[in-house]
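Trainee: Please read through the structure below; I'll follow up with questions.
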Amino acid sequence: MNDIKTPNIEVQCKADNYFSVKTLTVLPHTQENWLTFFNNETNPTESLSVLFNNAGKNDLISTEKRQYVELIISLDPSVAADWEFYGNGVEYCGADSNCQYNISTEITDDDTLVLRIAQVEPTYEFNGVDKDNLEKVVEVTEGKETEYLPISFRYTAKHVPSGKIYMSQDPKIVVRRPGATY
């Protein structure tokens, strides 16, 4: 699993500070990897890690259920006239213990994808998952806690001049909430 020491985004767990909103820009292409830029940086990011902090001793535990991160992902202005997000803007590719978080997406003005990650439970990877045999019931157990979980997906966008739909490589967003500390 991902051993990330310093997350890109930390979501606090205070009554008056329980969410984070960040902006990203994606540069789509018809044949090359799509580049994602975090917070208007000039170098593309290879991955994005989000840490959901637990409630402290003096904080309400119910605040954890209200926490969320909202990623506002815009098409790069240099190509925005030729591209628009397609469908809900993403195609999910894998489920790595994804019952521990919820994701919603919204497209605005065809060129902005709002991706919200909420209700993140303590993260761990399930042991015993059989991803190749979906016809069978399996018993799973909780694996090691405090690991980052990948949200495996691809951006989906339409190249307007050609009318063709393209999917990006996985932009590598991972989430984490440590196990209970009280």
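Trainee: Tell me which of these residue 88 doesn't satisfy, since it passes every other one: (1) surrounded by fewer than 18 Cβ atoms within 10 Å (Cβ to Cβ); (2) at positive phi.
Mentor: (2)
Trainee: Can you name every residue in the range 63-85 that is under 10 Å from residue 18 (Cβ atoms) and either in contact with a Leu (Cβ under 6 Å, 6 or more places away or on another chain) or crowded, with 17+ Cβ neighbours inside 10 Å (or both)?
Mentor: Of everything in the range 63-85, those that are under 10 Å from residue 18 (Cβ atoms) and either in contact with a Leu (Cβ under 6 Å, 6 or more places away or on another chain) or crowded, with 17+ Cβ neighbours inside 10 Å (or both) turn out to be 63, 64, 67, 68.
Trainee: What pairs come out if I take residues in the range 76-91 that are more than 15 Å from residue 109 (Cβ to Cβ) and pair them with residues that are basic (Lys, Arg) and part of a strand (DSSP E or B) whose C-beta lies under 6 Å away, six or more apart or interchain?
Mentor: Short answer, once both residue conditions are applied: 91/154.
Trainee: So which residues in the range 132-159 are surrounded by 12 or more Cβ atoms within 10 Å (Cβ to Cβ), among the acidic types (Asp, Glu) and assigned to a loop (DSSP other than H, G, I, E, B)?
Mentor: 147
Trainee: Keeping to the range 13-57, report how many residues are within 28 Å of residue 121 (Cα to Cα), of a type in the set (Val, Ile, Thr) and exposed (fewer than 15 other Cβ atoms within 10 Å of the Cβ).
Mentor: Matching residues across the range 13-57 total 2.
Trainee: Which of (1) assigned to a loop (DSSP other than H, G, I, E, B); (2) over 24 Å from residue 166 (Cβ atoms) is the odd one out, the single condition residue 110 does not satisfy?
Mentor: (2)
Trainee: Another question about this same structure. Can we say residue 129 is of a type in the set (A, V, I, L, M, F, W, C), more than 13 Å from the chain's Cα centre (by Cα), in a loop (DSSP other than H, G, I, E, B) and at pLDDT below 75?
Mentor: Taking the combined requirement at face value, the residue satisfies it.
Trainee: Between a first residue in the range 154-165 that is of a type in the set (A, V, I, L, M) and a second residue that is surrounded by 14 or more Cβ atoms within 10 Å (Cβ to Cβ) and not in a strand (DSSP E or B), which pairs have beta carbons less than 7 Å apart while being 6 or more apart in sequence or on different chains?
Mentor: 157/28; 160/82
Trainee: So if I check each of 113, 60, which one is out of contact with any helix residue (DSSP H, G or I) (no Cβ under 8 Å at 6 or more places or on another chain), buried (at least 16 other Cβ atoms within 10 Å of the Cβ) and not charged (D, E, K, R)?
Mentor: Answer to the selection: 113.
Trainee: Out of (1) crowded, with 16+ Cβ neighbours inside 10 Å; (2) assigned to a strand (DSSP E or B); (3) modelled with pLDDT under 80, what's the single condition that is false for residue 122?
Mentor: Only one criterion is unmet by residue 122, namely (2).
Trainee: Among the listed residues 43, 53, which satisfies the condition of being closer than 30 Å to residue 161 by Cα and of a type outside the set (Ser, Thr, Tyr)?
Mentor: One residue alone meets the criteria, 43.
Trainee: Let me ask you something else. Please identify the pairs in which a residue from the range 8-22 that is over 13 Å from residue 119 (Cα atoms) has its Cβ atom under 6 Å from the Cβ atom of a residue that is among the basic types (Lys, Arg) and part of a strand (DSSP E or B), counting only partners at least 6 apart or on another chain.
Mentor: Cβ pairs passing all conditions: 9/22.
Trainee: Being within 20 Å of residue 175 (Cα to Cα), out of contact with any Cys (no Cβ under 9 Å at 6 or more places or on another chain) and modelled with pLDDT of 75 or more: is that true of residue 151 here?
Mentor: Criteria met by residue 151.
Trainee: Looking at this structure, is residue 176 at pLDDT 75 or above, touching a Ser or Thr at 6+ places or on another chain (Cβ under 7 Å) and crowded, with 17+ Cβ neighbours inside 10 Å?
Mentor: So residue 176 passes the test.
Trainee: Could you figure out which of (1) in contact with a strand residue (DSSP E or B) (Cβ under 6 Å, 6 or more places away or on another chain); (2) modelled with pLDDT under 90 isn't true of residue 41?
Mentor: Of the numbered conditions (1) in contact with a strand residue (DSSP E or B) (Cβ under 6 Å, 6 or more places away or on another chain); (2) modelled with pLDDT under 90, the odd one out for residue 41 is (1).
The values are calculated or read from the model by the stated rules, or taken from the named source; none is laboratory data. Treat the numbers as computed from the prediction; the structure is a model and nothing was measured. No Cβ is skipped: glycine too gets one built from the backbone with ideal geometry, and neighbour counts run over all protein chains shown.
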